[in-house]
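A.B. asks: Encoded as structure tokens, here's the structure I'll be asking about.
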Amino acid sequence: MWPCTFLARGYDQLIQGVDPSELIKAEIYPRIWDSPASLEWARDLFTPLTEFFRNAASTGHAMLIWID
């Protein structure tokens with residue numbers, strides 16, 4: 001099993017150094033980056049998402065992600 005960096009880190013480490021104004025300039029979806037607090041919108045989703053990936057990996061399943 002290969003290590004996945006974002007699974008080993010907490011949400012605070014994930015958003016460390018992220019500048020919401022850069023997300024606005026890059027037109028990153030969802031377009032809610034008008035304040036530093038906007039980075040908090042996904043905090044409640046992070047733990048279940050990492051558990052989902054960890055469970056898939058531990059049972060030998062792969063993840064296919066399509067970002068369009």
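The values are calculated or read from the model by the stated rules, or taken from the named source; none is laboratory data. Values in this document were obtained by computation on a predicted structure and should not be read as measured data. Glycine also receives a Cβ, built like all others from the backbone with ideal geometry; neighbour counts cover every protein chain displayed. Just the protein is used for accessible areas: all its heavy atoms, side chains included, with ligands, DNA and RNA removed. Shrake-Rupley method; radii C 1.70, N 1.55, O 1.52, S 1.80 Å.
A.B. asks: Pairing the Cα long axis of helix 43-58 with the longest principal axis of the chain, what angle in degrees results, from 0 to 90 and rounded to the nearest 10?
C.D. replies: So the helix axis and the longest Cα principal axis differ by about 20 degrees.
A.B. asks: Further, regarding this structure: With +1 on each Lys and Arg Cβ and -1 on each Asp and Glu Cβ, how big is the dipole of segment 7-52 about its Cα centre, in debye rounded to the nearest 20?
C.D. replies: Dipole about the Cα centre, nearest 20: 60 debye.
A.B. asks: In addition: In whole Hz and in residue order, list the ³J(HN,Hα) couplings for segment 9-16 that follow from phi through the Karplus curve 6.51 cos²θ - 1.76 cosθ + 1.60, θ = phi - 60°; x for Gly and Pro.
C.D. replies: 10, x, 5, 4, 5, 4, 8, 4
A.B. asks: So what is the accessible area of the chain per residue, in Å², with the probe set to 1.4 Å?
C.D. replies: Heavy-atom SASA per residue in the chain reads 86 Å².
A.B. asks: Now for a different question. Which one, 29, 10, 41, projects farthest toward the positive side of the charge dipole computed for the chain from Cβ point charges (K/R +1, D/E -1)?
C.D. replies: 10
A.B. asks: Same structure, new question: What does the charge add up to near residue 33, with Lys and Arg as +1, Asp and Glu as -1, over the other residues with Cβ less than 14 Å from its Cβ?
C.D. replies: -3
A.B. asks: While we're looking at this one, here's another question. Within the chain, what whole-number % of the accessible surface is contributed by carbon and sulfur, with the 1.4 Å probe and all protein chains included in the calculation?
C.D. replies: Carbon and sulfur atoms account for 60 percent of the accessible area of the chain.
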